[in-house]
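Any read-out appearing in this document is the output of simple, stated calculations on the displayed coordinates, not a laboratory observation. Small disclaimer: the values here were computed from a predicted structure and weren't measured. For neighbour counting, all protein chains shown are included, and Cβ atoms are generated from backbone atoms with ideal geometry for every residue, glycine included.
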Ligand code: ADP
């Protein structure tokens, strides 16, 4: 088997707060291949965001190893882009300057990088909005700007934490399809956390189900949809789609009442 792009080996993570120790993840192992799109689903509080923080190098594991390209993760790295549910755009900055933020933080602002970001904004349907402020844009457009900002520094691995959940249903479907297609074309390795089982099935090569806290891998599903390319609406209409949905739904069902 080819070398993994991202690998977690027997990872545990314990949070210490003044009153308690909380084991968020326990003995979790997961290998993600280069260019694979993996979604992580699981009951709330099972450690999904913690998992992304470990891969992003924002937290060290309490035990076990986190590897990218077979090297231990030590702090944040340019290889990894992280996009959150909230878009965290700065209202006082223009759309272009928001999209350039990661580049500026890395002191890479040059006429060439600005031109590149303008091109990416255009590819995401945002040309003509470069000088607008975030509050002049719709939720879907704002989320696209956040994605452009993440992609601008050209990460190889993209971590998405509920990237579409703040959007209305229609926008979520179309933007999800659009972004899923673009990320595949750009050959990114993607790890996405979502509550939305249908979104996970539609966008992913593989859906990983975590147990309740402490989170570890409960099961996984390799997704093959015959109706159309991954991420497309046609893919959602595949005959296999409801079968995956029902199986994953059942795995999560016992937790629904206890975690809300
Ligand atoms: P999920 O993303 O699956 O909802 P999280 O990774 O956010 O879960 O959190 C997993 C568990 O760890 C939860 O019980 C949460 O309350 C706890 N937790 C998360 N961050 C911290 C922290 N900084 N300090 C203490 N406990 C935390």
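Ranked by Cβ crowding within 10 angstrom, fewest neighbours first, how are 82, 244 ordered?
Listed from fewest to most nearby Cβ atoms, that is 82, 244.
Quick one: which of 10-22, 215-227, 39-51 comes out on top by average Cβ neighbours within 10 Å, and what's the full order, highest first?
Top of the packing list down: 39-51, 215-227, 10-22.
Give the percent of DSSP beta bridges with both residues in the chain that are antiparallel, rounded to the nearest 5.
55 percent
Can you tell me the orientation of helix 111-123 relative to the chain, as the angle in degrees between its alpha-carbon axis and the longest Cα principal axis, to the nearest 10?
Approximately 70 degrees, to the nearest ten.
Where in region 193-213 is the amide nitrogen less than 13 Å from a point lying 7 Å along the Cα-to-Cβ axis of residue 22?
Answer for this model: 213.
Per DSSP H run of at least 4 residues, take -39500 (n - 2.57); add these up for the chain, divide by its residues and hand me the 222 nm value, nearest 500 deg cm²/dmol.
Calculated from helices alone, the mean residue ellipticity at 222 nm is -10500 deg cm²/dmol.
Roughly how many nanometres apart are two label points built 7 Å out from the Cα toward the Cβ at residue 132 and residue 93?
If labels sit at residue 132 and residue 93, their model points lie 1.8 nm apart.
In nm, to one decimal, how far is the residue 174 label point from the residue 109 one, both placed 7 Å along Cα→Cβ?
Simple spin-label model gives 3.3 nm for this pair.
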